[in-house]
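Participant: Below are the structure tokens for one structure; questions will follow.
The values are calculated or read from the model by the stated rules, or taken from the named source; none is laboratory data. Nothing here was measured: the structure is a model prediction, and the numbers come from that model. Every residue, glycine as well, gets a Cβ built from its backbone with ideal geometry; the counts of neighbours run over all protein chains shown.
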Amino acid sequence: MTVSDNNLSTLALAIKAWGRELGFAEIGIANVDLRHTEAGFQAWLDAGHHGDMDYMAAHGMKRARPAELVPGTVRVIMARMNYLPRETAADWRDRELQRAQDPGRATISVYARGRDYHKVLRARLQQLADRIRNEVGEFGYRVFTDSAPVMEVALAEKSGIGWRGKHTLMLNREAGSMFFLGEILTDLPLPVDAPGGAHCGQCSACIGACPTQAILGPYQLDARRCISYLTIELKGAIPLELRPLIGNRVYGCDDCQLACPWNKFAQRSELPDFDVRNGLDEASMVALFGWDEAEFNRRLEGSPIRRIGHERWLRNLAVGLGNAARQRRGDAAIVAALQARAQHPSEMVREHVAWALAQHQSGASVPAPATPAG
């Protein structure tokens, strides 16, 4: 179909208004030219910094070429949705930092305490696409939410939504980094938005805050050391040298975001979907470790955490409990919880439990982070 330039400009404004009605904090529109990202992406892959995330390399440079992923694509409609729970306190960053210092309490990334964002964003992006179709008729498009080889941050940067921070996450002057991204790839030649500038300046707080020194330097992330990778993406055993550095972070890690000054502007979500479920903001690791597989699946139905499965959930918690046991050598509840899983059918769980019990027995101190190479 053909739409005049004037009508396309009007349509772009309407899309942004419809997006706000659907709960998105911001909509931006970008072209699909990401040639400037290809060399850096290839270098990252060549260095092996993607770890076991084979899907990062599986599609080659298609990730930087949206028109190859969805033929006919000329524009990407980028959407940003805030995810801080509606009841988040003003001092939420201080509270999160305190939680990470409480050995017996589980620290779960803020984004994962409510409903799975993939489902929320995808459904609302589809509603936005339906609104567009109702306005202009049939058009070519595909909706994605962290579900396809798409360079979301680079596209969001081009669309004017923000800039890539030194921790490699997207930053926005009005909302920090506590938001999700989703996109609609389309054949509609909508007018594009101007990209904004970067505003990190000389700040390197995120780099210094990383518990495992996964941020090798500005814009350089070695995923193999990142706690989010280790607790979510990694399918096998967590490397021994990194276990003590994980502390009580059992699903993801927000440390680099908590350190970022821009997150004093982080916004609460307007949606109930991201409100905390199952008390995951205050849960003890002993209690969570006690969930059998049926309870894990039942309680975490509709949660992003469920994707890692019960075995990796226990693996992560065993590491956290081992770190707690090292600090609380007299805590019988921690030892009892670990001993109850010592004969678990999974070899990986048994190994991590054995490591955790050894921490209780040795009371070893946490080693200093190794200086990253490169």
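Participant: From the list G160, G140, which residue is on the phi > 0 side of the Ramachandran plot and touching a residue at least 24 places away in the same chain (Cβ under 8 Å)?
Facilitator: G160
Participant: Of the residues E152, E135, only one is of a type in the set (D, E, K, R), in contact with a Leu (Cβ under 7 Å, 6 or more places away or on another chain) and over 30 Å from G208 (Cβ atoms); which?
Facilitator: None of the other options fit; the residue is E135.
Participant: Further question on the same structure: Could you say whether any residue in the range 133-141 is buried (at least 21 other Cβ atoms within 10 Å of the Cβ) and at pLDDT 95 or above?
Facilitator: Checked the range 133-141: at least one residue is buried (at least 21 other Cβ atoms within 10 Å of the Cβ) and at pLDDT 95 or above.
Participant: Could you grab me the full set of residues in the range 157-191 that are aliphatic (A, V, I, L, M), part of a loop (DSSP other than H, G, I, E, B) and under 20 Å from T88 (Cα atoms)? Can you show your working first?
Facilitator: We begin by selecting, within the range 157-191, every residue aliphatic (A, V, I, L, M); these are 161, 169-171, 175, 178, 181, 184-185, 188, 190.
When the remaining residues are screened for being part of a loop (DSSP other than H, G, I, E, B), the result is 161, 169, 175, 178, 188, 190.
Result: A175, M178.
Participant: While we're looking at this one, here's another question. When the residues of the range 325-356 are filtered to those that are surrounded by fewer than 20 Cβ atoms within 10 Å (Cβ to Cβ) and closer than 20 Å to E241 by Cα, which remaining residue is modelled with the lowest pLDDT?
Facilitator: Q327
Participant: Okay, next question. Going by what's in this entry, would G302 be described as exposed (fewer than 15 other Cβ atoms within 10 Å of the Cβ), small (G, A, S) and at pLDDT 95 or above?
Facilitator: yes
Participant: Report yes if some residue within the range 204-212 is touching a Lys or Arg at 6+ places or on another chain (Cβ under 7 Å), surrounded by 18 or more Cβ atoms within 10 Å (Cβ to Cβ) and more than 17 Å from V153 (Cβ to Cβ); otherwise report no.
Facilitator: Of the residues in the range 204-212, the ones touching a Lys or Arg at 6+ places or on another chain (Cβ under 7 Å) are 204, 206-207, 212.
Those still in the list that are surrounded by 18 or more Cβ atoms within 10 Å (Cβ to Cβ) too: 206-207, 212.
Adding the requirement that they be more than 17 Å from V153 (Cβ to Cβ) leaves 207, 212.
Yes, some residue in the range 204-212 is touching a Lys or Arg at 6+ places or on another chain (Cβ under 7 Å), surrounded by 18 or more Cβ atoms within 10 Å (Cβ to Cβ) and more than 17 Å from V153 (Cβ to Cβ).
Participant: A further question on this structure: Restricting attention to the range 283-299, which residues are surrounded by fewer than 16 Cβ atoms within 10 Å (Cβ to Cβ) and either touching a Lys or Arg at 6+ places or on another chain (Cβ under 7 Å) or within 21 Å of Y229 (Cα to Cα) (or both)?
Facilitator: Matches in the range 283-299: N297 only.
Participant: D146 versus (1) crowded, with 20+ Cβ neighbours inside 10 Å; (2) of a type in the set (D, E); (3) at pLDDT below 95: which is the lone unmet condition?
Facilitator: Among (1) crowded, with 20+ Cβ neighbours inside 10 Å; (2) of a type in the set (D, E); (3) at pLDDT below 95, the lone unmet condition for D146 is (1).
Participant: For E241, indicate whether it is acidic (D, E), modelled with pLDDT of 95 or more and closer than 30 Å to G114 by Cβ.
Facilitator: no
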